[in-house]
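Before any comments, here is the structure.
The values are calculated or read from the model by the stated rules, or taken from the named source; none is laboratory data. No experiment lies behind these values; they were computed from the predicted model shown. Quick reminder, even Gly has a Cβ in these numbers, built from the backbone with ideal geometry, and neighbours come from all protein chains shown. Calculation scope for accessible area: heavy atoms of the full protein, side chains included, ligands and nucleic acids excluded. Shrake-Rupley method; radii C 1.70, N 1.55, O 1.52, S 1.80 Å.
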Amino acid sequence: AGLILTQIMCKAMNRSLASVLSGATAKPSAKPQAAPATSAAQPAATPAKAEQKQSSGDILRAAKRVIIVPGYGMAIAQAQSQVKALMDALAAANIDVRFAIHPVAGRMPGHMNVLLAEVDVPYELMCEMDDFPETDVAIVVGSCDGVNPAANTAEGTPIYGMPVLNVQEAKHVLVCNLDTNPGYSGVDNPLYEMPHVQLLLGDAKESLDRLLKEFDAETTPATSEPVAAAPDDSGTASLNQILQVAKKVIIVPGYGMAIAQAQGLVKQLADAFEAKGAEVDFAIHPVAGRMPGHMNVLLAEVDVPYDKLCEMDDINPKFPETDVVVIVGACDVVNPAANNAEGTPIYGMPILNVDQAKHVIVCNLDKNPGYSGVDNPLYDMPHVHLLLGDAKASLEQLLQELHAE
């Protein structure tokens with residue numbers, strides 16, 4: 001089966017099976033010729049100078065239709081969660097978003113589909129070869145050969161005649177690639193030099209985070225400088241103020257995070273806090289999830305450093321000095337009723353003392369009791385903010401608040 005898939009990819013890329021198995025890459029004899037400026041491949045109506053003055057946030061804000069093109073670079077950077085976050089932000093602004101999947105993007109047919117499905121991108125949004133002339137913005141994430149217009153003009157190169165995604169026909173193109181080096185074929189990509197193309201080079205995660213921040217900044221009204229929220233006025237402090245001034249943050253994951261598959265967004269939130277200079281730790285209750293170590297495994301999958309995963313005895317003394325606790329899908333393990341509700345299943349159970357923090361943000365599905373069936377009085381405390389519903393949507397809201405200066 002693997003050999004059949006490899007043969008399909010070879011045929012799609014105009015490569016011989018022997019050259020792929022040997023690992024050989026072709027060296028172009030000359031730099032491929034870019035498409036003429038007057039061709040349909042480039043939108044002639046937009047002057048190059050005007051393109052350079054527009055920020056990526058301006059471009060996305062004005063868009064009605066966006067196509068995202070993922071490639072192997074997205075897989076290498078493990079940036080599919082950031083792609084999903086960007087998709088959600090665009091969709092929330094009533095922008096039509098789709099994905100264009102090249103038949104051989106990645107290391108095998110279906111590679112991109114699997115990665116996007118893992119972060120809950122709807123299957124019906126994944127298209128094979130899409131209609132770019134009607135597209136306002138094409139966003140390329142780690143793709144080179146599959147979007148190289150040299151395939152149409154550069155005779156004698158390995159990709160000549162290979163079907164490609166014609167992203168250059170979109171009104172604007174944003175390229176989130178590591179660099180401008182040639183792809184696997186070894187053929188330079190003239191797309192990078194076209195006047196309606198903006199290069200956001202570097203790690204795809206960072207480029208997408210920056211792009212999302214610029215888009216959010218354009219769509220969020222400017223606010224005044226955040227005012228520090230004292231403990232006694234926590235009931236009136238806005239969520240934005242609380243997040244902006246936080247210096248010590250503890251994130252508490254629970255089984256609800258696993259159910260929502262929200263660990264990727266939890267990692268994004270931690271990164272966003274740290275980018276603002278905050279200290280972030282994770283409080284892991286011994287029985288969080290369905291087995292000991294469940295939370296550790298999920299967080300390790302999204303590259304949360306192991307030394308940030310703190311056990312209950314080590315983290316509990318830190319809560320009184322903590323500015324913000326973010327709970328993601330945990331109930332019984334943070335229920336202060338365990339300290340005083342005699343006769344209940346959790347009475348006397350050691351818990352994470354999140355109620356001692358200055359502010360607590362709860363990203364749970366609802367206020368219903370946990371597995372124990374014991375109501376949680378934490379939800380009614382004045383310094384607690386409830387963001388109820390799907391954990392992913394709640395975390396995305398927190399990210400937007402954190403990015404909005």
Return the carbon/sulfur percentage of the accessible area of the stretch 332-405, one whole number, probe 1.4 Å, all protein chains in place. 49 percent
Ranking request for peptides 176-189, 332-345: highest mean number of other beta-carbon atoms within 10 Å first, then the rest in descending order. 176-189, 332-345
Per residue, what accessible area does the stretch 267-335 have, given a 1.4 Å probe and all protein chains present, in Å²? 43 Å²
Give me the aspartates and glutamates in straight-line cross-link reach of LYS367: C-alpha distance below 12 Å, same-chain residues under 8 apart excluded. ASP332, ASP375, ASP380
Pop out the carbon and sulfur fraction of the accessible area of the stretch 92-197 as a percent, whole number, probe 1.4 Å. 49 percent
Normalised contact order of the stretch 315-405, rounded percent, pairs of Cα under 8 Å and 6 or more residues apart: 30 percent
Square roots of 5 times each gyration tensor eigenvalue, C-alpha, the stretch 71-124, largest first, Å: 20, 12, 9
Which pairs break 19 Å Cα to Cα here: LYS318/LYS392; LYS84/LYS308; LYS171/LYS205; LYS84/LYS213; LYS213/LYS276; LYS267/LYS358? LYS318/LYS392; LYS84/LYS308; LYS171/LYS205; LYS267/LYS358
Alpha-carbon centroid distance for the pair the stretch 145-198 / the stretch 280-346, whole angstrom: 47 Å
